[in-house]
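Please treat every number below as a calculation from the coordinates, not as lab data. These numbers come from a predicted model, not from an experiment. Neighbour counts are summed over all protein chains in view; Cβ atoms, including those assigned to glycine, are modelled from backbone coordinates with ideal geometry.
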Amino acid sequence: MEIDDYILEHIEAEPEHLQRLYRNTYLRHLYPRMCSGHLQGRLLKMLTQMIQPKRIIELGTFTGYSALCFAEGMPDDAVLHTVEIDDEMADELRSTFDSTPWADRIHLHIGDALEVVPTLDEQWDLAFIDANKRNYIEYYEMLVPRMRPGGYIIADNTLWSDKVLDPAANHDPQTRAVLAFNDHIVRDPRVSAVILPLRDGMTLIRIQP
């Protein structure tokens with residue numbers, strides 16, 4: 001779309017290492033649309049710079065694009081923990097992260113986020129939910145008690161290709177889970193939230209102090 005091209009021409013340029021990662025994702029992986037990409041990546045970096053988190057947790061690493069955007073924006077004394085369930089991605093992700101300036105501050109965990117996160121003795125300033133849509137409410141309820149008051153959770157894919165608006169297309173388990181998650185958030189007095197109609201939808205959730 002012309003407007004998309006215009007936007008990309010008028011925001012911060014995509015770093016070369018992310019251009020390569022994005023291209024390789026499309027060449028080598030199934031479902032490459034799961035990769036955050038230029039616009040969303042620049043937004044994640046800027047949000048990280050605004051929030052200034054010291055502890056970041058990401059659920060769903062895929063090929064590492066969003067993790068590198070968080071790393072790019074985080075303060076010098078911050079660390080990022082990222083959890084990926086697909087063990088076949090482990091070597092590729094470690095190689096990707098090891099080639100960056102943030103190698104010693106990105107901690108990759110391979111496993112189910114619902115099992116991994118409770119083992120981490122951290123209070124999180126920023127969390128990114130981008131894993132199995134069917135578990136979004138479980139991820140959220142797991143994270144909220146572990147968040148710093150005033151911290152932020154970002155949930156990706158919360159418009160789910162606009163299926164949330166289409167009664168004829170919202171009967172599959174993943175769409176139903178996204179719908180349930182969105183309803184859950186708007187009813188939760190512990191947080192305030194806004195959905196951004198960016199790509200597949202992204203919800204910014206602030207934990208009330």
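Under the combined filter of DSSP loop state and at most 15 neighbouring Cβ atoms within 10 Å, segment 139-209 retains these trypsin sites (Lys or Arg not before Pro): Arg187, Arg190.
Arranged by the count of other C-beta atoms within 10 angstrom, fewest first, what order do Trp102, Trp160 take? Show your work: numbers first, answer last.
On the way: Trp102 18, Trp160 23.
With the sparsest Cβ surroundings first, the list reads Trp102, Trp160.
Simple point charges give the picture: +1 on the Cβ of Lys and Arg, -1 on the Cβ of Asp and Glu, and for segment 2-207 a dipole about the Cα centre of about 500 debye. A crude spin-label estimate for the pair Ile7 and Ser95, with each label 7 Å from Cα along the Cβ direction, gives 3.3 nm.
Normalised by the number of residues in the chain, the average gap of Cα pairs under 8 Å and 6 or more apart makes the relative contact order 16 percent.
The simple spin-label model puts a point 7 Å past each Cα toward its Cβ; for His17 and Asp162 those points are separated by 3.7 nm.
Taking packing as the residue-averaged number of other Cβ atoms within 10 angstrom, the listed peptides 21-27, 85-91 run from highest to lowest as 21-27, 85-91. In the chain, helices alone account for a calculated mean residue ellipticity at 222 nm of -11000 deg cm²/dmol, with every DSSP H run of four or more residues adding -39,500 (n - 2.57).
Fewest first, what order do His109, His171, His10 take by the number of other Cβ atoms within 10 Å?
Details: His109 21, His171 10, His10 7.
So the ranking, lowest neighbour count to highest, is His10, His171, His109.
Can you put Cys35, Cys69 in order of Cβ neighbours within 10 angstrom, beginning with the fewest?
Details: Cys35 21, Cys69 26.
Placing the least packed residue first, the sequence is Cys35, Cys69.
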